[in-house]
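The values are calculated or read from the model by the stated rules, or taken from the named source; none is laboratory data. In this text the structure is predicted, and so the values were computed from the model without any measurement. So basically every Cβ, Gly included, is an ideal-geometry build from the backbone, and we count neighbours across all protein chains shown. In case anyone asks, the SASA skips ligands and DNA or RNA and just uses the protein heavy atoms, side chains included. Shrake-Rupley method; radii C 1.70, N 1.55, O 1.52, S 1.80 Å.
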Amino acid sequence: MGLDSIRVNNTMTGQKEPLKPLTPGKIGIYVCGPTVYSFIHIGNARTFCSFDVIVRYLRYCGFDVKYVRNYTDVDDKIINASRVVGRWTRDGKDSLLLEADGSGTFEGKKVKWNTDGASLTLVGVDAEPLKYPMKLEGGQMMLEPVGAPLQLSRQTPEMSAVELSARFVREFETDVAALHLLPPDVTPKVSEHMPEIVAIIEKLVAKDIAYASKGDVYFQVSKYPQYAKLSKRNLEDMQAGERVSVGEQKREPLDFALWKAAKPGEPSWDSPWGKGRPGWHIECSAMSSKYLGDTFDMHGGALDLIFPHHENEIAQSEAASGKTLCNCWMHAGFLDLEGAKMSKSLGNVVRLRDALEKVDAEALRYFFLSTHYRSPIAFNDKSLADAEARLEYFYETLKKVDERLAGKEAGAGPTHGEPGKWLKQFEEAMDDDFNFAGALSAVSGLFAAMNELTDKPPVKDKALVARTLHALRGMVGSVSGVLGLFEEPPAAWLLRRRDRQVKTKGIDPTRVETLIAARTTARAEKNFQEADRVRGELKTLGVEIMDTPGGTTWKVTA
RNA sequence: GGCGCCAUAGCCAAGUGGUAAGGCAAAGGUCUGCAAAACCUUCAUUCCCCGGUUCGAAUCCGGGUGGCGCCUCCA
């Protein structure tokens, strides 16, 4: 562990490389944050959680980390969504209601919706999602299903894109706090960095690498020979499949927009090319250089950002500065749902917020960490239940150990065995490209050792046992800070989990307590037959009881 | 079509040249009035298939087969 032993897989080279900070002891890391047009889903959560642990570990190793994660709050998706949110009537009757949170109703049926600006997709009306070509004009919405077109009239004021994105920044922060993500050091927003964005585009235009065209500005890919070095694509092959969308003013098909001229009614900012807004990608170039400099240490995101997003960022930034953008590119793997990637067109997106109603946030976090960050991970009920059961084991252990150690000084002296080996194993796994699963294996050893010492001490010397237990408990604190797990008081976590299970299963806690009292009485009278009968009755309710030195406790069976 | 990833026990999942972590499930045991929890033991001569390199390969190379991702917005 430490400042020189970390190795990281770099997408640029496809290899694990020693982490060599630009400035010894310091790390600048930029992670592409959310486009805030909706709630985040569990796939987003997995990526952000991975980088949260990576940053925590770098700090644990002693690095002075500057962690930047942006909000893309100016974007087509936000504008598109804001333009359709509201209540719409057809022939004077309520027809369509689209809420900002993605829910709604259509012709009396509950739906989920999304839009790309040219069509409206409704999920939940039929078995298959309905995708209607859509036109918006002066408070009217024309939907064109096969057959007769529908004309809808807006009844509520249009929501501004600013209002929509501001809301989802707040929702994001709420969601992510539930997952115990630490706030980054800087969370820049596109809307607050227009001067920086315009400046970098001007620089590219001045260098004749970008060109203005009818209010748009495009990056000319052919003027940046290293294009596609991250994704390792062949430009000729790409051009064969490329198509130019209607209305775009590109010179060459691969060119991409740095600045887009505003259409009427759209939010816009002033620029040398007229009113408009930044294209996707340029905001990250502008904001990363502002907060981390032209060259920085690490840049993260999920796999799908490799192309085109990170490729374009590299082209823009490096063409503008003449320097290498970033030394190490890190990409997180996808979360799969029932064997497939989540996608809106399939209507199988699971929001983080919805997932957290069914599974404990920390269990979800544990689930994310059970697989290497670059590997795909399959989201399913069994894995989540396993994760939650495992967390129960960890917290039960901590509760027991904390009770044992309460109010006792550790004292000086030797410890039994080698308690430090688990932490060493943990660090070695984390050093090796942040091997979460490997690290968790060491955590298992740590907990097994604590349980052994409390339940079946291998030595009689009580002071020795206590010292060893203290040492192990301290190490749990260390791994806890890195993994973002076991951060709650054990009793509180266990009780909260039981409360949720009690609600889901419809168990009456008062009745459980009454039965337990009856059994305690029976046991005191040595009426074991009756005691076992009560145990059986509790079991049919889904309740398991445990006789402990402190009395009888209970839990809900899985 | 182009680029890339993956394939390890019933299940999940580490392991990139030196003889298969960890978890779940299962079986036996210790403890317990009985249980539960916890702990101990057992559980892959073998890593999709076929070749090759090597003293030695799950790990490297070639060829298959199967699954997935990106190439259009996507974490």
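Remarks
- Within chain A, percent of DSSP bridges classed antiparallel, to nearest 5: 70
- Cα gyration tensor, chain A - rounded (a/c under 1.5), prolate or oblate: oblate
- Ordered by solvent-accessible area of protein heavy atoms (1.4 Å probe), largest first, the residues A:T397, A:T520 come out as A:T520, A:T397.
- On chain A, 52 percent of the accessible area sits on carbon and sulfur atoms, based on a 1.4 Å probe.
- Tensor-based shape of segment A:516-558 (alpha-carbon gyration tensor, a/c under 1.5 rounded, otherwise prolate or oblate): oblate
- Summed side-chain charge close to A:G104 - residues other than A:G104 whose Cβ falls under 13 Å, Lys, Arg +1, Asp, Glu -1: 0
- Overall, chain A carries a charge dipole of about 720 debye about its Cα centre when +1 sits on the Cβ of Lys and Arg and -1 on the Cβ of Asp and Glu, all other atoms neutral.
- Chain A - mean residue ellipticity at 222 nm from DSSP helices (-39,500 (n - 2.57) per run, n ≥ 4, rounded to 500): -13500 deg cm²/dmol
- Separation of the A:R170 and A:E107 label points, Cα + 7 Å toward Cβ, nm: 3.5
- Our summary gives segment A:291-404 a relative contact order of 25 percent, counting only alpha carbon pairs under 8 angstrom and 6 or more residues apart.
- Gyration tensor verdict on segment A:475-522 (Cα atoms; rounded if a/c is under 1.5, prolate if a/b is larger than b/c, oblate otherwise): oblate
- Qualifying aspartates and glutamates (Cα of each under 18 Å from Cα of A:K539; at least 8 residues distant if same chain): A:D499, A:D508, A:E513, A:E530, A:D547
- Cross-link pairs exceeding 22 Å in C-alpha to C-alpha distance, out of A:K275/A:K323; A:K382/A:K424; A:K66/A:K232; A:K207/A:K232; A:K214/A:K250, comprise A:K275/A:K323; A:K382/A:K424; A:K66/A:K232; A:K207/A:K232.
- Here the extension length gained between A:E409 and A:E158 equals 84.0 nm, from 0.36 nm per residue of separation less the Cα-Cα distance.
- Cross-link pairs A:K408/A:K460; A:K400/A:K462; A:K20/A:K341; A:K110/A:K135; A:K77/A:K112; A:K408/A:K456 - those with Cα-Cα distance over 25 Å: A:K20/A:K341
- Residue-normalised accessible area of segment A:350-503, expressed per residue, 1.4 Å probe, Å²: 45
- Take segment A:251-338 with all the other protein chains still there, run a 1.4 Å probe, and you get 33 Å² of accessible area per residue.
- Average accessible surface for segment A:105-249: 55 Å² per residue, computed with a 1.4 Å probe over protein heavy atoms with every protein chain in place.
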